[in-house]
Amino acid sequence: MIRYLAGGLLDLLLPRHCAVSGRPLMGDETGPVAPEVLREVEVAGADYCTRCGAPQGAGVGVIRECASCREYRDGFGTREVVAVGKYEGVLKEICLALKFGGERKLADVLAAWLAQLAFDRGIAEKVEAVVPMPLHIIRRFQRGYNQAELIARPLARTLEKPLLNDLLRRSEKTERQATLSPAQRKANVEGVFEVRDGRTSDIDGKVVLLIDDVMTTGATMGAAARCLKKAGARAVYAGIAARASLDAGA
Ligand SMILES: [Zn+2]
């Protein structure tokens, strides 16, 4: 009761707003996004591509390659990719507000969806540790947080797996992938990841769930996944908030 009253008082003093639509939120709307906005997100259902995570049209079912990953012959170094949905509409706005708008609580919403999908697809029981995609230290400092880590932390808690934060290191500050062609993206990130000294025993022989917010060509994901496997991980699954196609400009 006291908490309820205090919350109500806080709402009067500091009105909360939906992180996507900006609508003022009522006292009983506890999440960072207004419910009517959240309902617009098309969360992946029974139709998806296991190779890149892209949701497919109704009735397609579970497929191992799709139109948006066919051209990436080398694959992503991952056994399977789980994506909440396509990088468009409200889901895209959520990703952008988390990454660039400082709306950190949105990570909890994304993590809850990812956890549900990981359980539904039987991946939760296979993975033994959760690893967030690292940012380079300078970018991490500029932004104040790593959005992948914000998603990975509550996800690891829900899956009851250890979060291996700071295990992977991004050794170079690379060009922003968004401005580059697929071939340039691959060259830009290849070899920039390393497992920190003394940490290989954390993943040796283990199945790892690697978390990032958005995947486009999969160049970053592939480089990080290959690094984890080189360091001894048995297999890598990927969990991403959104699957973008190259023309969507992620
Ligand atoms: Zn695909």
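The values are calculated or read from the model by the stated rules, or taken from the named source; none is laboratory data. All of these numbers come straight from a predicted model, not from anything done at the bench. Ideal geometry is used to build each Cβ from the backbone, glycine not excepted, and the neighbour counts take in all protein chains shown. For accessibility, only protein heavy atoms count, side chains too; no ligands or nucleic acids. Shrake-Rupley method; radii C 1.70, N 1.55, O 1.52, S 1.80 Å.
Once the Cβ-Cβ distance between Arg199 and Glu172 is put in as r, and R0 is 25 Å, what FRET efficiency do you end up with, to the nearest 0.05?
0.85
What list of ³J(HN,Hα) values in whole Hz, one per residue of the range 204-218 in order, does the Karplus curve 6.51 cos²θ - 1.76 cosθ + 1.60 (θ = phi - 60°) give from phi, with Gly and Pro shown as x?
With coefficients 6.51, -1.76 and 1.60, one gets 4, x, 9, 9, 10, 9, 9, 10, 9, 7, 10, 10, 10, 7, x Hz.
So if each residue of separation counts as 0.36 nm, and I subtract the Cα-Cα distance between Glu71 and His17, what length gain in nm does that give?
Here the answer is 15.3 nm.
Loop only per DSSP, at most 12 neighbouring Cβ atoms within 10 Å: give me the GluC sites (Glu not before Pro) in the range 32-103, ordered by residue number.
Glu71
Could you estimate the translational diffusion coefficient of the chain from the Stokes-Einstein equation, with Rh from the Kirkwood formula over C-alpha pairs, at 10 °C and 1.306 mPa s, in whole µm²/s?
After rounding, the answer is 85 µm²/s.
Under 15 Å Cα to Cα from Lys173, which aspartates and glutamates show up? Leave out anything in the same chain fewer than 8 places away.
Cross-link targets: Glu190, Glu194.
Just going by the charge dipole of the chain, with Lys and Arg at +1 and Asp and Glu at -1 on Cβ, which of Ala54, Gln116, Ser171 is farthest out on the positive end?
The listed residue farthest towards the positive side: Ser171.
Percent of Cα-Cα pairs per 5 Å bin, from 0 to the last occupied bin, for the range 122-250, please list those.
2, 11, 21, 25, 22, 12, 6, 1, 0
What number comes out for the charge environment of Arg226, summing +1 per Lys or Arg and -1 per Asp or Glu over other residues with Cβ under 10 Å away?
Once positives and negatives cancel, what remains is 0.
Can you tell me the dipole magnitude for the chain around its Cα centre, using point charges on the Cβ only (Lys, Arg +1; Asp, Glu -1), in Debye to the nearest 20? Intermediate values should be presented prior to the final figure.
Values: 36 positive and 31 negative charges, 137 e Å.
The dipole magnitude comes to about 660 debye.
Which cysteines in the chain lack any other cysteine whose Cβ sits under 4.7 Å from their own Cβ?
Cys18, Cys95, Cys227
Starting from the Cα of Val60, step 7 Å along the direction of its Cβ; do the same at Glu29; then give the gap between the two resulting points in nm.
With each label point 7 Å from Cα toward Cβ, the separation is 3.3 nm.
Roughly how many percent of the accessible protein surface of the chain is carbon and sulfur, given a 1.4 Å probe and a whole-percent answer?
Values: 6440 of 12520 Å².
Reported share for carbon and sulfur atoms: 51 percent.
What value, in deg cm²/dmol to 500, does the helix sum -39500 (n - 2.57) over DSSP H runs of n ≥ 4 give at 222 nm once divided by the residues of the chain?
Computed ellipticity for the chain at 222 nm equals -9500 deg cm²/dmol.
Give the accessible surface of the chain per residue, rounded to a whole number of Å², with probe radius 1.4 Å and ligands, DNA and RNA excluded.
It amounts to 50 Å² per residue over the chain.
Got a sec? Charge dipole of the chain, +1 on Cβ for Lys and Arg, -1 for Asp and Glu; which of Ala233, Leu91, Ile63 is way out at the positive end?
Of the candidates, Ala233 comes out farthest on the positive side.
With label points built 7 Å along Cα→Cβ from the Cα atoms of Lys230 and Gln142, find their separation and express it in nm.
In this crude spin-label approximation the distance works out to 2.5 nm.
Considering only the chain, what is the antiparallel percent among its DSSP beta bridges, to the nearest 5?
Percentage antiparallel, nearest 5: 20.
Using a basic spin-label model with each label point 7 Å from the Cα along Cα→Cβ, how many nm lie between Ala187 and Glu160?
Distance between the two pseudo-spin positions: 4.9 nm.
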